[in-house]
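Peer 1: The structure that follows is given in the form of C-alpha cells.
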Amino acid sequence: MNQELYEKFCHEYEKKGLWEHSTHGSKLKNCAEKYGERIALIDEQEEISYQELDLRSDQMAAWMLHEGFVKGERIVIQHVNCIGFAVMCFAMFKIGVIPVLAMPSHGMRELSGIVKTAQPKGFIVIETYHGVDHLAEAAVLQKENPCIEKVIPAERLEQMDFSQWELDEELYEKPCSRDTAILVLSGGSTGIPKLIARPHADYLHLQKYCALSCGMDENSVSLIAMPVTHCWNLCGPGLLGSLFAGAKTVLCRNGSADEILNCIEMHEVTTMALVPSLLRACISLQDLMENDLSSLQMIQIGGAMCPPQLAELAVEKLGCKVQQIYGMSEGFVSATRPEDPYEIMIGTQGIPVSPGDIMKIVDEEEQEVPAGEAGEILARGPSVVWEYYENPVMSSVAFTEDGFYRTGDKGRIDPDTGRLQILGRIREQINRLGEKIMPSELEEYLLDHPQIQQVCVVPADDEKLGQRICICLPEALSGIGLTQLRQFLKEKEIASFKMPDQVIYIREWPYTAVNKIDRGRLREMAEGKVALC
Ligand code: AMP
C-alpha cells in the first residue's frame, strides 16, 4: 500500500467531515445520553435500552481489562445474532480490543486460517449450534495456536454477573478514530477468508450513509434477519448503523422465513435486509401464512444478483419499497434511494451511498469505458479500505496503487438513468444464499480423492439458493454420488455452506476455442439447458 497517499486521503476525509473524530464506544455513549431508556435491541429472549447496552458493555470492558486484554489485541467471536454479541463487541470497541468476526457456519479449515492471520489472544465461541460442537473446535484451535490464551464460551460470558465492575477511564488507553475497530472477513475470492481491518472512522462513515440511504431514523424498527457476523448485516446499515440512527433493532436468531415473518408482525418492523433467495422464500411463505406485514416500509435486497422480476414481486406481495444494494466487506456500497422512480428502484443498483466514494468501470487494461459499456467495477473512497490485513500478496492483486479496490464484479452505468447495474462476476465465484464460494477451492479438495483426477465445479442458477454448487465428474466416476462427495468434503472440515448441491457426469468434456474446459457449457448442462454430453 502507498502509505503516503493513503495518509493524504485520510486527512482529506477528516477535513471534509466525512470521517469523524469518533469511535464506536463514544458513539454509543452519545446515543445512551440521547435515547436513555428507549429500546435499542431486541432478541428472542430479552430487550435492552441504549443506556443498559452502554452500561453492560462498560462493565464487560472493565472485566476484559482485568482479564489482561489491552488495546490492539484481538478476540475472535464466533456467535449468533443476539444481544450478548452486541455487548461483547461494544465492550471491545471501548477498550480498543479488536473483535474478529467468524461465522457459526465456518469449519475448522476457515477458522484455522482466520486464527493464523489474526493471532487472537481470545476466542469467544457459541458452545454448540446446529449440532456442531464449536467449543470443542475452539479447544483444538487453542492447542494448535498458542497465541489463544483464553477460550470463552459465549453463553457463559452472557450469564456472568458483571454488575460490580466499573470502567475506570484512567486505567486504559482509549482507541482513536483511525484505530482499527474490527476485523471483518472478505466475501472471499480464496477459500480461507481474507481479513479486513476497518478503522472506527471509515466504519462509522459507512454505517451512517447506509442508514441515510434507506431512510432509517429514530422511528424505524430494523430487523437483522441474516448473520450479524457478515459485514452487510453489521454495518450496511445493519446492527451498528440502525443503533446509531436511533432505531429499534430486532435480531433474528436463525433467520428462517417463518421467523422473519413472525418478527415483522410481532415487532412492527419497518426495514430489513435480505439476499434474493431468502426474499423469495419469505414471499412464498407469506402467500400461505398471511402475516400482518403492514408496518414494513423498505426491504434492502443485495448480496447477490436480484432479477428485476423478484424486486417487482416484493413490492407487489409485501407492499413495501425495495432498496437494491450492492456492496462488499471491503467497503464500497451503492444503492437505490427511497425517492427513486420505480424503474430505477427495480432495475438498477443506484449510486454510491457515501458522498465521498467514487467508482469507475474499466476494461481489461483498466481504462475507463464509456457510459453504457460493461467492465469491472473499481471503487475508492472514505468507506473503502486500501489493503487486506497482513496479506500483502492478495492486497497487491485486489487493490491498485492509488487505492482503488478491484471488485471482480461486472457492471455498467445505465446511460438512461446514470445508475449502476450489476451484471455478474468478472472472476469466477459461486454465490449461494449470499455466501461466496470459489470453485477452485473445492476442485483442489476434490482432487485429493483417490479416484478423482479431473473435476470442475460450476455454479447453476437455482430458484431457492440463488446459485447451487454443481460438481462435474467424468462419466467413469458415476459410482461416486453426491452423498459420498459431501462426506469426503466434510472430512476436509470446510464451511457447511460450501457443500455441493448437485453432481453431473460428463462423457466428453466440452472445450472452448482456446482449448480450455468450457465452464459455461458445463453450467448450461448443470442447469438442464443443454443435454449432458
Ligand atoms: P461480501 O463481501 O460477502 O459482502 O460479498 C461481496 C460480493 O457480493 C460483491 O463483490 C458481489 O460479487 C456480491 N454482491 C453484493 N451485492 C450484490 C448485488 N446487489 N448484486 C449482485 N452481486 C452482489
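Peer 1: Would you list which lysines come within 19 Å of Lys15, measuring only between C-alpha atoms, while excluding same-chain residues fewer than 8 positions from it?
Peer 2: Lys208
Peer 1: Oh, and also: About its Cα centre, what dipole magnitude does region 430-526 give when the only charges are +1 on Lys and Arg Cβ and -1 on Asp and Glu Cβ, stated in debye to the nearest 20? Don't skip to the end; give the middle numbers.
Peer 2: On the way: 13 positive and 15 negative charges, 20 e Å.
Its charge dipole is roughly 100 debye.
Peer 1: Under unit Cβ charges (Lys, Arg +1; Asp, Glu -1), what dipole magnitude, rounded to 20 debye, does region 1-150 have relative to its Cα centre? Present the calculation step by step, with values, prior to reporting the outcome.
Peer 2: Details: 16 positive and 22 negative charges, 100 e Å.
Rounded to the nearest 20 debye, it is 480 debye.
Peer 1: Give me the number: length gained by fully extending Leu447 to Ser22, i.e. 0.36 nm times residue separation minus the C-alpha to C-alpha distance, one decimal in nm. Mind showing how you got there, number by number?
Peer 2: Numbers: separation 425, 0.36 × 425 = 153.00 nm, distance 4.96 nm.
Length difference between fully extended and current span is 148.0 nm.
Peer 1: Sorted by mean Cβ packing within 10 Å, highest first, what order do the peptides 112-123, 467-478, 357-368, 195-206 take? Before the final figure, lay out the partial values.
Peer 2: Numbers: 112-123: 20.8, 467-478: 19.2, 357-368: 14.1, 195-206: 24.1.
By packing density, highest mean first, the sequence is 195-206, 112-123, 467-478, 357-368.
Peer 1: What FRET efficiency, computed as 1/(1 + (r/R0)^6) with R0 = 30 Å and r the Cβ-Cβ distance, is obtained for Glu7 and Glu366, rounded to the nearest 0.05? Each step should come with its number before you reach the end.
Peer 2: On the way: r = 24 Å, r/R0 = 0.80.
Efficiency at R0 = 30 Å is approximately 0.80.
Peer 1: Roughly what % of DSSP beta bridges within the chain run antiparallel, to the nearest 5?
Peer 2: 55
Peer 1: Label Gln309 and Asp518 with points 7 Å out from Cα along Cα→Cβ: what is the distance between them in nm?
Peer 2: Taking the two extended label points, one gets 2.6 nm.
Peer 1: Could you tell me which residue out of Gly17, Val269, Val132 lies farthest along the dipole of the chain toward its positive end? Charges go on the beta carbon: Lys and Arg +1, Asp and Glu -1, centred on the Cα centre.
Peer 2: The one lying farthest along the dipole's positive direction is Val132.
Peer 1: Placing +1 at every Lys and Arg Cβ and -1 at every Asp and Glu Cβ, with all other atoms neutral, what dipole size does the chain have around its Cα centre, in debye to the nearest 20? Display every interim value, and only then the final one.
Peer 2: Working: 50 positive and 79 negative charges, 162 e Å.
Charge dipole, the chain, about its Cα centre: 780 debye, nearest 20.
Peer 1: For the ranges 51-58, 261-268, what's the packing order if you count other beta-carbon atoms within 10 Å of each residue, average per peptide, and put the highest first? Please report the intermediate quantities before stating the final value.
Peer 2: On the way: 51-58: 21.5, 261-268: 18.4.
Listed from highest to lowest mean packing, they are 51-58, 261-268.
Peer 1: Quick one: angle between helix 134-144 and the longest Cα principal axis of the chain, in degrees between 0 and 90, rounded to 10, please.
Peer 2: It works out to around 90 degrees.
Peer 1: At what distance in angstrom do the alpha carbon centres of region 151-188 and region 477-503 lie from each other?
Peer 2: Region 151-188 and region 477-503 have Cα centres separated by 38 Å.
Peer 1: Using a 7 Å offset from Cα along Cα-Cβ at Val397, what residues in region 106-150 end up with backbone N under 20 Å from the label point?
Peer 2: Under cut-off, by backbone N: 109-118.
Peer 1: Ok, one more. What is the local net charge at Val384, summed over the other residues whose Cβ is closer than 9 Å to its Cβ (Lys, Arg +1; Asp, Glu -1)? Please report the intermediate quantities before stating the final value.
Peer 2: Details: positive: Arg380; negative: Asp202, Glu330, Asp357.
Local net charge: -2.
Peer 1: Using a simple spin-label model with points 7 Å from Cα along the Cα→Cβ vector, what separation in nm is obtained for Gln487 and Glu508?
Peer 2: Between Gln487 and Glu508, the label points sit 3.4 nm apart.
Peer 1: Separate question: Please turn the phi angles of region 85-101 into ³J(HN,Hα) values with the Karplus equation 6.51 cos²θ - 1.76 cosθ + 1.60 (θ = phi - 60°), one per residue in order, whole Hz, x for glycine and proline.
Peer 2: These are the phi-based 3J(HN,Hα) values: 4, 5, 4, 4, 4, 5, 4, 5, 3, 5, 9, x, 6, 9, x, 10, 8 Hz.
Peer 1: Find the percent of Cα-Cα distances in the chain that exceed 36 Å, and round it to a whole number.
Peer 2: Working: 45063 of 141778 pairs.
Of the Cα pairs, 32 percent sit more than 36 Å apart.
Peer 1: Work out the charge dipole of the chain with +1 on the Cβ of Lys and Arg and -1 on the Cβ of Asp and Glu about the Cα centre, then indicate which of His106, Ala211, Leu447 is farthest towards its positive end.
Peer 2: Leu447
Peer 1: Within a Cβ distance under 14 Å of Leu65, other residues only, what is the Lys/Arg minus Asp/Glu net charge?
Peer 2: Taking every other residue near Leu65 into account, the sum is -3.
Peer 1: What are the lysines whose alpha-carbon lies under 22 Å from the alpha-carbon of Lys150, with same-chain residues fewer than 8 places away excluded?
Peer 2: Of all the lysines, those that pass the test against Lys150 - Cα under 22 Å, at least 8 places apart if same chain - are Lys71, Lys94, Lys116, Lys121.
Peer 1: Give the separation of the Cα centroids, region 253-296 to region 402-442, in Å.
Peer 2: 27
Peer 1: Give the share of C-alpha pairs in each 10 angstrom bin for region 430-526, from 0 to the last occupied bin, in whole percents, shortest bins first.
Peer 2: With 10 Å bins starting at 0, P(r) equals 16, 52, 29, 3.
Peer 1: Quick one: order Trp509, Trp165, Trp19 by neighbouring beta-carbon count within 10 Å, fewest to most.
Peer 2: On the way: Trp509 14, Trp165 18, Trp19 24.
Least to most surrounded, the residues fall as Trp509, Trp165, Trp19.
Peer 1: Against the longest principal axis of the chain, how steep is helix 200-213, in degrees 0 to 90 to the nearest 10, with axes from Cα atoms?
Peer 2: That works out to roughly 70 degrees.
Peer 1: Also, I was wondering about something else. Set Lys and Arg Cβ to +1 and Asp and Glu Cβ to -1, take the dipole of the chain about its Cα centre, and tell me which of Tyr342, Leu157, Ala197 lies farthest positive.
Peer 2: Comparing the listed Cα positions along the dipole, Ala197 ranks first.
Peer 1: Could I ask something else about it? Tell me the mean residue ellipticity at 222 nm calculated for the chain from its helices only (DSSP H runs of n ≥ 4, each -39500 (n - 2.57), averaged over every residue, nearest 500). Kindly include the intermediate steps, with their values, before the conclusion.
Peer 2: Numbers: 18 runs with 183 residues, N = 533.
Counting only the DSSP helices, I get -10000 deg cm²/dmol.
Peer 1: Here's a follow-up. Rounded to the nearest 0.05, what FRET efficiency is calculated for Cys176 and Arg337 with R0 set to 25 Å and r the Cβ-Cβ distance? Could the numbers behind the result be given before it?
Peer 2: Working: r = 33 Å, r/R0 = 1.30.
Approximately 0.15, to the nearest 0.05.
Peer 1: Check cross-link reach from Lys436 to the lysines: straight Cα distance under 17 Å, and skip same-chain residues fewer than eight apart.
Peer 2: Hits, sequence-local ones excluded: Lys194, Lys410, Lys464, Lys498.
Peer 1: Kindly work out what percent of the DSSP beta bridges joining two residues of region 284-380 are antiparallel, to the nearest 5. Mind showing how you got there, number by number?
Peer 2: Working: 11 of 16 bridges.
If I count the DSSP bridges inside region 284-380, around 70 percent turn out antiparallel.
Peer 1: For region 430-526, what proportion of DSSP beta bridges, expressed in % and rounded to the nearest 5, is antiparallel? Please list the in-between numbers first.
Peer 2: Working: 11 of 16 bridges.
Once the DSSP bridges in region 430-526 are tallied, antiparallel ones form about 70 percent.
Peer 1: How much length is gained on full extension from Glu463 to Val151, taking 0.36 nm per residue of separation minus their Cα-Cα distance? Don't skip to the end; give the middle numbers.
Peer 2: Details: separation 312, 0.36 × 312 = 112.32 nm, distance 4.01 nm.
Result for the pair: 108.3 nm of gain on full extension.
Bear in mind these aren't lab numbers, they're just calculated from the coordinates by the rules spelled out. For clarity, every value in this text was computed on a predicted model and none was experimentally measured. Using ideal geometry, Cβ is built from the backbone for each residue, glycine included, and neighbour counts are taken over all protein chains shown.
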